[in-house]
Amino acid sequence: MIQQATLANGCFWCTETIYSRLHGVILTKPGYSGGTIKNPSYREICQGTTGHAECIQIEYDDTLIDFATLLEVFFDTHDPTTLNKQGADVGTQYRSVIFYHDEQQLQTAKDIKNVISDKFDNPIVTELTPFTIFYEAELEHHDYYNLNPSQPYCSAVISPKVKKLLTSHSKLLKEKL
C-alpha cells in the first residue's frame, strides 16, 4: 500500500538525494513543513523566521520498504544530536524532525529513537511533530543533486552522504550506483 512520510534532517537536497535511491520509494518532493505562514518561499525559509523546516515528502510502497527502515536511514544519514544545525547549514530550517502522519508512525519513531540512542555520544534532539501541511519547494530545488553534481555544495556535502548510503545500506538501493 502507498504511504507517506515527511522527514527533515538538514538540507532537503541531501535528503531527497538519499531517499530517491531507495527501493520502494516511489516519489520524493522537497518542501517545507512545520511553520507559521502559508506558501513560504525558499528565500523566506532561509531567513529562519517562518518556523518551517526544509523537508521531503516521501511516497513509498510499504510492501517493499517500511517506515522503520526509512527512519533507520534517516538517523544514519544526518546528526540527530545537533540542534538546528547540519554541518555548515545552521538555523531552525535545518532542524531534525519526523513529521508523523498517524499514531503508528509516532510509535515507530519513538521506538527507533530509543533503540538507536546508544549509538550517539549526545542526546538525540530530533523532534516528533504531527504532520499538518506540506508546501512543495520551487522547481529548481527538485532533483538538485542529480542535476548539479559538480556544484561545490553537492560535491562537498551530498556526495559523502551518498557514499555512506552505498556502504551502509546497499541492500536497500533501487539499483547499483
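Bear in mind these aren't lab numbers, they're just calculated from the coordinates by the rules spelled out. Since the model is a prediction, treat every value here as computed from it, not as a measurement. Note that we place each Cβ from the backbone using ideal geometry, even for glycine, and neighbour counts take in every protein chain shown.
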- Note on the structure: A convex hull over the alpha carbons of the chain yields, per residue, a volume in Å³ of 114 Å³
- Three-way shape label, the stretch 41-128, alpha-carbon gyration tensor, a/c 1.5: oblate
- Task: Compute the length gained on full extension between Thr167 and Leu64: take 0.36 nm times their separation in residues and subtract their Cα-Cα distance, giving the result in nm to one decimal.
- Result: 35.1 nm
- Task: Would you order Thr6, Thr82 from fewest to most other beta-carbon atoms within 10 Å of each residue's own beta-carbon?
- Result: Thr82, Thr6
- Using 7 Å Cα-to-Cβ label points, what is the Gln104/Asn148 separation (nm, one decimal)? 3.7 nm
- Query: What shape does the stretch 113-177 have by the C-alpha gyration tensor, where a ≥ b ≥ c are the square roots of the eigenvalues, rounded means a/c under 1.5, and otherwise prolate means a/b greater than b/c and oblate the rest?
  - Reply: oblate
- If we count trypsin sites (Lys or Arg not before Pro) as exposed when they sit in a DSSP loop and have at most 16 other beta carbons within 10 Å, what is the longest stretch of the chain that avoids them all? 39-173
- Low-density loop GluC sites (Glu not before Pro), the stretch 29-136, at most 15 other Cβ within 10 Å, DSSP non-H/G/I/E/B, are none
- Item | Per-residue HN-Hα couplings for the stretch 137-146 [Karplus 6.51, -1.76, 1.60; θ = phi - 60°; Hz; x = Gly/Pro] | 6, 4, 3, 5, 8, 6, 6, 4, 4, 5
- Note on the structure: So, with points 7 Å from each Cα along the Cβ direction, the Cys46-Thr82 label distance in nm works out to 1.9 nm
- Looking at the stretch 30-125, which chymotrypsin sites (Phe, Trp or Tyr not before Pro) are DSSP coil and have at most 13 other C-beta atoms within 10 Å of their C-beta? Phe120
